Amino acid sequence: MFDLTEDQLAIVHMVAGFAAENIAPHAIEWDQNHHFPVDVLAQAGELGMGGIYVREESGGSGMSRLDAALIFEELAKADPTIAAYISIHNMVAWMIDKFGNDEQRTTWLPGLCSMETLASYALTEPGVGSDAAALSTRAVLDGDHYVLNGTKQFISGAGSSGVYVVMARTADTGSAGISAFIVPDGTQGLSFGALERKMGWNAQPTRQVVFENMRIPAANRLGEEGSGFGIAMKGLNGGRVNIGACSLGGGQAALDKSVAYLKERSAFGAPLIGQQALLFQIADMQTELEAARTMVWRAADALERSTKDTVRLCAMAKLVATDAGFNAANTALQLHGGYGYLSEYGIEKIVRDLRVHQILEGSNEIMRLIIGRIAVDG
Amino acid sequence: MKIVVLIKQVPDTAEERRLDPGTGRVDRQANDPVIDEITERALELALSVKDKDKSTEVAVLAMGPEETSKAIRKALSMGADSGIHILDPALAGADITLTAAALAAALKGAQADLIIAGNESTDGRAGIVPAMVAEHLGLPLLGALASAAIGAGTVSGERLNDAGTQRVSAPLPAMLTVTESFEEARFPNFKGIMGAKRKPVTTLSASGLGIATEPLSTVIDLEQRPPRTAGRKIIDEGDAAAQLVDFLVTQRLI
Ligand SMILES: Cc1cc2nc3c(=O)[nH]c(=O)nc-3n(C[C@H](O)[C@H](O)[C@H](O)COP(=O)(O)OP(=O)(O)OC[C@H]3O[C@@H](n4cnc5c(N)ncnc54)[C@H](O)[C@@H]3O)c2cc1C
């Protein structure tokens, strides 16, 4: 049950090779120069990473959620920021495959699967994050078009993406009044805020997305009117498993670097790895990551089979894995002493990158809210 | 066009490799087995022909123990259409003459227009197997090329040597070997990985090929490479350049 298949091992091997060659050597530089490597993303797309769990008949790779988790963990070992962006892109591609009609699939998915076109997910607004059902961006039907007005906040990939899946209000009925729309870049009335300056995730842009009397054809509505919140949340179930996997990869990389460093660094006349206090920290990092990995794999399997406890397991996986990943990275920084604090060693970047995983795709408080409510109300 | 690529599974060069003093053979347990990088480049060349002309059929041929099937599977995931695995315990430790005879026998049935191999392997290395295979098959060999142009009826290429660049060409069917100047191999994509196990692999034994299994050569002796000793340090007291030249001359390095 916990052994990977030969295919999965081959997939992990390929992704690790790709990431080691094309991502890892540049990760620090991209972070420092705030460079979003769209060319490397297109290479990843050629290998099938743009539509990992998009069905084959829609042009995707048709792989499982567990395959996806393995892929994101490997990518994140090289750079959590790039891995996380690819995870958001895949979430959007899957939403179009799952909830779109044939025409929408044939229009958007070829470009998304090859990653020649990038995708963004636009739910959060300046005034609403955790309480997403209270969003206020408005979409009003006018003939065979919708007219959108409002602002989305913190949108990953904004300004570089070719496709935005936007959640907007079509009725004043709470979460039941939200619809999802496919908005292509270049639409008149669509504009972007300035690049946000952030603690981490610097190799991908985060911007506001602004709609001012933006008209899009009614045919760009994804799913039925009023189904947008459900679509957004279903996308996030997978997003949470994937972001958890990204944290595992970052945490594992930080742990592996720590083991190597403690073997090589001497103090008080002997390699530091001989200090049991430090060895125990390694043991704790490893155990927490492995426990979280087990949880991520289990949630991925639940998602794949659409079991009844999918929502709960995905929330648990996200909570456990993003905490374990961040804690491992932060401990790794301490184990590296002053060198951990220098950019050159790559550890402080992992800490900065993984910190946001505890906040987005539903904050870890919101994960507890979901888990707690299900525990209490069933 | 049908292209057969000879691929070899070798111990990973990223780690230290060793010979087994008992058998005189490469210790294949000591390292992860991988496709020899040079034969990956050979495969890349074949696949680049297929990229341009989809009707091109690319087969890979490998001789080796059970685990060689992994190298064949990897080649199939990268885009080769089929595999041939010469698998026979009696061929374990085959020398170059036997290896060449076995490969040639398998190639006789394969009806290739072009056979591509690496110029030499990174493990037990003589660099002669492709030439012997070509000899067995009576095919022209364009060896150790730096570049190649593969046409419908001919193959041509360039070979670099001390004197300059040789331009060589041959009518098909022919055999060529690539050097490190060829493109690095592509990564297999997900579809390739998932589809590899559905592609056909033929397994052939020595008796099936109708070849003998007695090697013609034996390893008489082998020695571990002596551990490296500390180098000589030249301290510059005005005559370092002269000392350096002396050293290089006495070592016949210049
Ligand atoms: C770098 C970055 C990239 C992002 N990318 C995207 C993107 O691509 N698309 C997108 O739509 N959004 C994106 N987000 C937004 C992200 O999902 C939100 O920031 C997140 O959901 C939290 O919302 P908020 O910031 O409004 O915080 P708030 O909801 O205001 O919460 C503030 C704090 O209160 C806590 N809290 C809130 N409600 C409760 C409660 N009921 N019980 C207990 N605690 C509570 C929260 O956990 C948090 O700690 C991104 C954010 C960042 C920082």
Selection from segment B:103-125 of residues that are at pLDDT 95 or above, more than 15 Å from the chain's Cα centre (by Cα) and hydrophobic (A, V, I, L, M, F, W, C) | B:Ala105, B:Ala106, B:Leu107, B:Ala112, B:Leu114
Out of (1) assigned to a helix (DSSP H, G or I); (2) closer than 18 Å to A:Ala10 by Cα, the odd one out for A:Gly62 is which?
-> (1)
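Among the residues of segment A:298-321, is any modelled with pLDDT under 95 and either in a loop (DSSP other than H, G, I, E, B) or touching a helix residue (DSSP H, G or I) at 6+ places or on another chain (Cβ under 7 Å) (or both)? Before you say what the answer is, go through the steps one by one.
Narrowing segment A:298-321 to residues modelled with pLDDT under 95: none.
Looking through segment A:298-321, none of the residues is modelled with pLDDT under 95 and either in a loop (DSSP other than H, G, I, E, B) or touching a helix residue (DSSP H, G or I) at 6+ places or on another chain (Cβ under 7 Å) (or both).
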Screening B:Ile128, B:Ile96, B:Ile86, B:Ile150 for residues that are under 17 Å from the mean Cα position of the chain (by Cα) and surrounded by 20 or more Cβ atoms within 10 Å (Cβ to Cβ) leaves only B:Ile86
Which numbered condition trips up B:Glu184, out of (1) buried (at least 18 other Cβ atoms within 10 Å of the Cβ); (2) closer than 29 Å to B:Glu16 by Cα; (3) not aromatic (Phe, Trp, Tyr)?
-> (1)
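Got a sec? Which of A:Ile71, A:Ile86 is closer than 23 Å to A:Val40 by Cα, assigned to a helix (DSSP H, G or I), β-branched (Val, Ile, Thr) and more than 15 Å from the ligand (Cβ to nearest atom)? Even if it seems obvious, please write down each step before you answer.
Numbers: A:Ile86 fails: more than 15 Å from the ligand (Cβ to nearest atom).
The match here is A:Ile71.
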Quick one: in segment A:30-46, of everything that is in contact with a helix residue (DSSP H, G or I) (Cβ under 8 Å, 6 or more places away or on another chain) and of a type outside the set (A, V, I, L, M, F, W, C), which residue is farthest from the other protein chains (Cβ to nearest Cβ)?
-> A:Gln32
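Suppose the filter is part of a loop (DSSP other than H, G, I, E, B), within 14 Å of chain A (Cβ to nearest Cβ) and not polar (S, T, N, Q); does B:Ala230 pass it? First the steps, then the outcome.
Values: part of a loop (DSSP other than H, G, I, E, B): yes; within 14 Å of chain A (Cβ to nearest Cβ): no; not polar (S, T, N, Q): yes.
Against the criterion (part of a loop (DSSP other than H, G, I, E, B), within 14 Å of chain A (Cβ to nearest Cβ) and not polar (S, T, N, Q)), B:Ala230 does not qualify.
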Please identify the pairs in which a residue from segment A:189-204 that is within 18 Å of A:Gly150 (Cα to Cα) has its Cβ atom under 7 Å from the Cβ atom of a residue that is surrounded by fewer than 19 Cβ atoms within 10 Å (Cβ to Cβ) and basic (Lys, Arg), counting only partners at least 6 apart or on another chain.
-> A:Gly189/A:Arg215
Residue by residue through segment B:218-254, note down the ones that are surrounded by 10 or more Cβ atoms within 10 Å (Cβ to Cβ) and closer than 24 Å to B:Asp20 by Cβ.
-> B:Val219, B:Leu222
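Wholly within segment B:1-94, which strands (runs of 3 or more DSSP E) include no fewer than the required count, namely at least 2 residues that are touching a residue at least 40 places away in the same chain (Cβ under 8 Å) and in contact with a helix residue (DSSP H, G or I) (Cβ under 9 Å, 6 or more places away or on another chain)?
Details: elements: B:2-6, B:9-11, B:33-35, B:57-63, B:82-86.
Fully inside segment B:1-94 and qualifying: B:2-6, B:9-11, B:57-63, B:82-86.
With respect to A:Arg240, is the statement that it is crowded, with 22+ Cβ neighbours inside 10 Å, in contact with a Cys (Cβ under 7 Å, 6 or more places away or on another chain) and not acidic (Asp, Glu) true?
Numbers: crowded, with 22+ Cβ neighbours inside 10 Å: yes; in contact with a Cys (Cβ under 7 Å, 6 or more places away or on another chain): yes; not acidic (Asp, Glu): yes.
For A:Arg240, the condition - crowded, with 22+ Cβ neighbours inside 10 Å, in contact with a Cys (Cβ under 7 Å, 6 or more places away or on another chain) and not acidic (Asp, Glu) - is met.
Limited to segment A:327-378, what total is found for residues that are within 16 Å of the ligand (Cβ to nearest atom), at pLDDT 95 or above and of a type outside the set (Val, Ile, Thr)? Walk me through it before giving the result.
The first filter runs over segment A:327-378 and keeps only residues within 16 Å of the ligand (Cβ to nearest atom), leaving A:349-377.
Remaining after also requiring at pLDDT 95 or above: A:349-376.
Restricting the remaining residues to those that are of a type outside the set (Val, Ile, Thr) gives A:349, A:352-355, A:357-358, A:360-365, A:367-369, A:372-373, A:375.
Residues flagged as within 16 Å of the ligand (Cβ to nearest atom), at pLDDT 95 or above and of a type outside the set (Val, Ile, Thr) within segment A:327-378 amount to 19.
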Those residues of segment A:191-212 which are among the aliphatic types (A, V, I, L, M), exposed (fewer than 15 other Cβ atoms within 10 Å of the Cβ) and either part of a strand (DSSP E or B) or near the ligand (Cβ under 10 Å from one of its atoms) (or both), in sequence order | A:Met199
Taking segment A:47-88 and the residues there that are closer than 18 Å to A:Leu118 by Cβ and at the interface with chain B (Cβ under 10 Å from one of its Cβ atoms), the one that is surrounded by the most Cβ atoms within 10 Å (Cβ to Cβ) would be A:Ile71
Exactly one of A:Leu70, A:Leu66, A:Leu47, A:Leu112 is touching a Gly at 6+ places or on another chain (Cβ under 7 Å), assigned by TED's automatic domain parsing to the domain that holds A:Gly17 and at pLDDT 95 or above, and that one is A:Leu112
Number of positions in segment A:130-163 that are within 16 Å of the ligand (Cβ to nearest atom), assigned to a loop (DSSP other than H, G, I, E, B), touching a residue at least 60 places away in the same chain (Cβ under 8 Å) and not small (Gly, Ala, Ser) | 1
Looking across segment A:109-128 at residues that are within 12 Å of the ligand (Cβ to nearest atom) and in contact (Cβ under 8 Å) with a residue 60 or more places away in the chain, the single one that is farthest from the chain's Cα centre (by Cα) is A:Pro126
How many residues does segment A:32-46 contain that are surrounded by 22 or more Cβ atoms within 10 Å (Cβ to Cβ) and either of a type outside the set (A, V, I, L, M, F, W, C) or closer than 12 Å to B:Lys191 by Cβ (or both)?
-> 1
Hey, any hits in segment A:12-29 for a residue that's within 14 Å of chain B (Cβ to nearest Cβ), farther than 21 Å from A:Ala203 by Cα and touching a Ser or Thr at 6+ places or on another chain (Cβ under 9 Å)?
-> yes
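The values are calculated or read from the model by the stated rules, or taken from the named source; none is laboratory data. Quantities reported herein were computed from a predicted structural model and do not represent experimental measurements. Cβ sites come from the backbone with ideal geometry, for glycine too, and all protein chains shown count toward neighbours.
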